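We did not get these values from a lab; they are worked out from the coordinates using the rules stated. What you are looking at is a predicted structure, and each value in this text was computed from that prediction instead of being measured. Here the Cβ is made from the backbone with ideal geometry for all residues, glycine too, and neighbour counts use every protein chain on show.
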């Protein structure tokens, strides 16, 4: 899951060190996965920082598909049909996408090489 700087700061304010939950990849900060293959904040049953989770987690299963250049429901999410793709969610995810591309540390890469947001 990609992280906005505001996500990182919110989680740090909870007492976590950035290096314990975030890694950098291709100029983006991303949530670190545990050895079990899931987010470091997921204990196997639930998110342990649910009320402070990153915006991408709050919007999921809505992701930004760069090939289509628009927000879509993640085809890999088994619960995707339980969520509506509202205009508000589309706008919010588009705003997140712009923040991520503006805040990227290596702006020389083409936007088409971004990981899926969400």
**Q.** Ellipticity estimate at 222 nm from DSSP helix runs (n ≥ 4, -39,500 (n - 2.57)) divided over the chain, nearest 500
**A.** -8000 deg cm²/dmol
Q.
Springs between alpha-carbon pairs under 10 angstrom, Gaussian network model over the chain: which of 41, 83, 64 fluctuates most?
A. 83
Q. Which of 59, 100, 68 moves most in a GNM of the chain, Cα contacts under 10 Å?
A. 68
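Determine the relative contact order of region 2-110: mean sequence separation of Cα pairs under 8 Å and six or more apart, normalised by residue count, in whole percent.
Once normalised by length, the contact order is 24 percent.
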**Q.** Ratio Rg/Rh, restricted to the chain and using Cα atoms, in which Rh is the Kirkwood radius
**A.** 0.95
Q) Any idea how far apart residue 74 and residue 13 come out in nm if each label point goes 7 Å out from Cα toward Cβ? A) 2.5
Q) Of 52, 69, 33, which is the most mobile in a GNM of the chain whose springs link Cα atoms less than 10 angstrom apart? A) 69
